[in-house]
Amino acid sequence: MQITIDLPDSVALTEVDIRLELAIVLFQREQITLGLGSQLTQLSQIEFQRVLASRGIPVHYGVEDLDQDLQGLAAEGW
């Protein structure tokens, strides 16, 4: 999906800033995962987690997430 937004010149936001703010809000609302947030921001998952932590936003990581991670590690031979 592509969205075009016209902002007044007085708003000093870059595309990177807008992507980051959008990803943070969507993550807080649990509408996207950590992985999707990192893709949207073009940051690694660790970098995105650091941004979230710097803003006091907890990473929601439940039992299902753990199971998926363990399955992924097992598939890779861990």
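Some points to look at:
- Qualifying residue in the stretch 10-20 (condition: among the hydroxyl-bearing types (Ser, Thr, Tyr) and surrounded by 10 or more Cβ atoms within 10 Å (Cβ to Cβ)): no
- Scanning the stretch 23-43 for residues that are assigned to a helix (DSSP H, G or I) and within 14 Å of Ile57 (Cα to Cα) yields Ala23, Ile24, Val25, Leu26, Phe27, Gln28, Leu34, Gly37.
- Hey, Asp6 more than 12 Å from the chain's Cα centre (by Cα) and open to solvent by 60 Å² or more (accessible area, probe 1.4 Å) or not: yes
- Scanning the stretch 52-78 for residues that are within 18 Å of Leu26 (Cβ to Cβ) and either over 18 Å from the mean Cα position of the chain (by Cα) or part of a loop (DSSP other than H, G, I, E, B) (or both) yields Arg55, Gly56, Ile57, Pro58, Val59, His60, Tyr61, Gly62.
- Among residues of the stretch 53-70 that are under 14 Å from Ala23 (Cβ atoms) and among the hydrophobic types (A, V, I, L, M, F, W, C), those with a Cβ under 7 angstrom from a residue that is in a helix (DSSP H, G or I) and open to solvent by less than 70 Å² (accessible area, probe 1.4 Å), sequence gap 6+ or separate chain, pair up as Ile57/Ile24; Val59/Leu34; Val59/Gln49; Val59/Leu52.
- Search result, residues across the stretch 21-68 that are open to solvent by less than 70 Å² (accessible area, probe 1.4 Å), of a type in the set (A, V, I, L, M, F, W, C) and at pLDDT below 90: Ile32, Leu34, Val59
The values are calculated or read from the model by the stated rules, or taken from the named source; none is laboratory data. Worth saying up front: this structure is predicted, and the values here are computed from it rather than measured. Positions of Cβ are backbone-derived with ideal geometry, glycine not excepted, and every protein chain shown enters the neighbour counts. Keep in mind that these areas ignore ligands, DNA and RNA; they rest on the heavy atoms of the full protein, side chains included. Shrake-Rupley method; radii C 1.70, N 1.55, O 1.52, S 1.80 Å.
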